[in-house]
Amino acid sequence: MSKKLVDLSNITKAYGENVILDDLNLYVKENEFLTLLGPSGCGKTTTLRIIGGFETPDKGKVVFDGADITKLPPNERQLNTVFQKYALFTHMSIAENIAFGLKIKNKSKQYIKDKISYALKLVNLDGFENRSVDSLSGGQQQRIAIARAIVNEPKLLLLDEPLGALDLKLRQDMQYELIRLKNELGITFIYVTHDQEEALTMSDSIVVMNQGYIQQIGSPEDIYNEPQNAFVADFIGESNIVHGTFIEDEVVEIFGKKFKCVDKGFGKNKPVDVVIRPEDIDLVDPKEGTLTGVVTSLIFKGVHYEMEVLANGHEWLVHSTDLSPVGAMVGIKVDPFDIQIMQKPQSEDEEAVISDEQ
């Protein structure tokens, strides 16, 4: 089992009246690719900056590799940060940019030369030593920023939305490059993004945040398939989130119709939130459906059709490879395993946290 590399205990950070992080607890295992995911202002970048030493928490402790580093400056921590704005020095060559940190550490010329060559090979920019920063594309500049970070042999690499400025195709290519680098180097990655697809593609673990609180921690599969509340379900991918009544174990009522589910332990006749992913809805003959409705819109998305079905006064989002034309009467059927039951918020505070983005 991997040991803890980073351990954040009871971290609180506020700017005046604005509380950014509220008693946050989180640990990161060695060699893990952990992503902090959430909307703007949720506290993910502040968390990263506290780990990096660019911010000091008002309360709490940051432990790195067994040592308390809460008050240690960034240059004394065994980590490097790659920002969205790459912060490359335009008056320096690529080689000089990569060597910057090594020169500060007074490494020998041969050591620096070898490290530059090694880092450029890793990021597939072999032979770019003498090129200028201005001659590079955005994706190439991003690779140089990563090369500059990894030559210092950090135990931890912090990445703050580093792919945000790239176009879609380049961003996807760089996602796979980062996964390859992480596996090749054995460095722990903590990655900040608001892009759900990016988080699902790259991460070993995802931390979903909102309003300074951690909503859920888990593998990409767990976060997507077993969201713990309506906020997570809504933020990670598209979802149909509807009110329901949990009649008894394995039975939930939605819009007056009973659906079989696999959940237990929610009590009897209790109000719940029900999550059904668009790809988990089967459109069938109206006689075979638990609910019936009419297709109100249809968009071709390439790999599937995206349809909206008006049933019992609710617009259901449906993804299917089978087309049902606009105006068609259809039945809605859902496999019991594809119905997720969640507790409704117990307090106003919890309600605000969960429903903030809905």
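Between amide H atoms placed 1.01 Å from N, distances below 5 Å from I281 occur with H319, all of them 5 or more places distant or on a separate chain. All Cα-Cα separations within the range 55-147 were binned at 5 Å from zero, giving a P(r) of 2, 12, 21, 19, 16, 12, 10, 7, 2, 0, each value a whole percent of the pairs.
Under the convention that each Lys and Arg Cβ holds +1 and each Asp and Glu Cβ holds -1, the size of the dipole of the chain around its Cα centre is about 1860 debye. Sorting the segments 137-149, 280-292 by their residues' average number of neighbouring beta-carbon atoms within 10 angstrom, most packed first, yields 137-149, 280-292. What lysines does K13 reach when the alpha-carbon gap must be under 18 Å and sequence neighbours fewer than 8 apart in one chain are set aside? Within the straight-line cut-off, K13 pairs with K44, K59, K61, K71. Under 26 Å of direct C-alpha separation, and excluding same-chain neighbours fewer than eight residues apart, K287 reaches these lysines: K257, K258, K260, K333.
Our estimate of slack between E184 and N10, defined as 0.36 nm per intervening residue step minus the Cα-Cα distance, is 59.3 nm. The phi-based Karplus calculation (6.51 cos²θ - 1.76 cosθ + 1.60; θ = phi - 60°) puts the 3J(HN,Hα) values of the range 265-273 at x, 9, x, 10, 6, 9, x, 9, 9 Hz, whole numbers, x for Gly and Pro. Charges on Cβ only, +1 for Lys and Arg, -1 for Asp and Glu, centred on the Cα centroid of the chain; of L88, N106, G43, which one is farthest towards the dipole's positive end? The one lying farthest along the dipole's positive direction is N106.
On the accessible surface of the range 182-316, probed at 1.4 Å, how many percent belong to carbon and sulfur atoms? Here it works out to 45 percent.
Here is the size of the range 106-227 from its Cα atoms: Rg then Dmax, 16.4, 53 Å.
Projecting each Cα onto the charge dipole of the chain (Lys/Arg +1, Asp/Glu -1 at the beta carbon, about the Cα centre), which of H194, Y27, F246 comes out farthest on the positive side? Value computed over the given set: Y27. Full extension of the chain between T201 and S117 gives 27.3 nm of extra length, using 0.36 nm per residue less the Cα-Cα distance.
Ordering V208, G237, V294 by Cα displacement along the dipole of the chain toward the positive end leaves V208 in first place; charges were set at the Cβ atoms of Lys, Arg (+1) and Asp, Glu (-1). Note that the range 249-257 has calculated 3J(HN,Hα) couplings of 3, 6, 9, 10, 9, 10, 6, x, 10 Hz, one per residue in order, obtained from phi through the Karplus relation 6.51 cos²θ - 1.76 cosθ + 1.60 (θ = phi - 60°); glycine and proline are x. Which aspartates and glutamates does K155 reach when only Cα atoms under 19 Å apart count, and residues fewer than 8 places away in its own chain are ignored? List returned: D7, E30, E32, D65, D68, E76, E177, E184, D204.
Net charge of the neighbourhood of G218, taken over other residues with C-beta under 15 Å away and scored Lys/Arg +1, Asp/Glu -1, is -4. Summed over the residues of the chain and divided among them, the accessible surface reaches 49 Å² per residue at a probe radius of 1.4 Å. Between the range 45-99 and the range 208-265, the alpha-carbon centres lie 36 Å apart.
Peptides 43-55, 330-342 ordered by packing proxy, namely the average of other Cβ atoms within 10 Å per residue, highest first: 43-55, 330-342. Between V262 and N25, how high is the FRET efficiency from 1/(1 + (r/R0)^6) when r is the Cβ-Cβ distance and R₀ = 25 Å? Nearest 0.05. In this case the efficiency is close to 0.25. Put a plus charge on the Cβ of each Lys and Arg, a minus charge on the Cβ of each Asp and Glu, and nothing anywhere else: the dipole of the range 45-180 about its Cα centre is then about 300 debye.
Size descriptor for the chain, Kirkwood hydrodynamic radius: 22.9 Å (Cα pairs only, one decimal).
The values are calculated or read from the model by the stated rules, or taken from the named source; none is laboratory data. Computed from a predicted model, the values in this text were never measured in an experiment. Counting neighbours? That spans all protein chains shown, and the Cβs are built from the backbone with ideal geometry, glycine included. Remember, those area values only see protein heavy atoms, side chains included, never the ligands or the DNA or RNA. Shrake-Rupley method; radii C 1.70, N 1.55, O 1.52, S 1.80 Å.
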